[in-house]
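K.L.:
Next up is a structure, given as structure tokens.
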Amino acid sequence: MGVTSRAARHAGGLYGRTFRRALSPIHAIEDEAHHLHVIEQRGESAETPYIAMLGLFFFLASIFAFLLIVALAAYYLA
């Protein structure tokens with residue numbers, strides 16, 4: 001086995017571990033969001049209306065942020 005193939009395999013392993021470690025907080029957030037969605041759909045918690053309103057707020061806030069970025073970019077480019 002050549003030095004190049006061993007180096008490529010070693011680098012691939014390092015990159016794989018680094019990406020898994022970097023993505024673990026994102027996966028934790030996705031799991032929590034899925035859990036809250038399940039609770040909201042079942043309606044089994046007293047906090048269900050607050051979960052739904054928070055989800056709506058985050059959805060609308062992301063649209064607002066995108067439109068604000070586009071408007072400011074158009075303003076600065078013009």
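K.L.:
Can you tell me which of Arg9, Arg21 is among the charged types (D, E, K, R), within 19 Å of the chain's Cα centre (by Cα) and modelled with pLDDT under 80? Before the answer, list the steps.
P.N.:
Details: Arg9 fails: within 19 Å of the chain's Cα centre (by Cα).
None of the other options fit; the residue is Arg21.
K.L.:
From the list Val38, Val3, which residue is modelled with pLDDT of 70 or more and among the β-branched types (Val, Ile, Thr)? Break it down stepwise before answering.
P.N.:
Details: Val3 fails: modelled with pLDDT of 70 or more.
On inspection, the qualifying residue turns out to be Val38.
The values are calculated or read from the model by the stated rules, or taken from the named source; none is laboratory data. It should be emphasised that the depicted structure is a prediction, and the values quoted were computed from it without experimental measurement.
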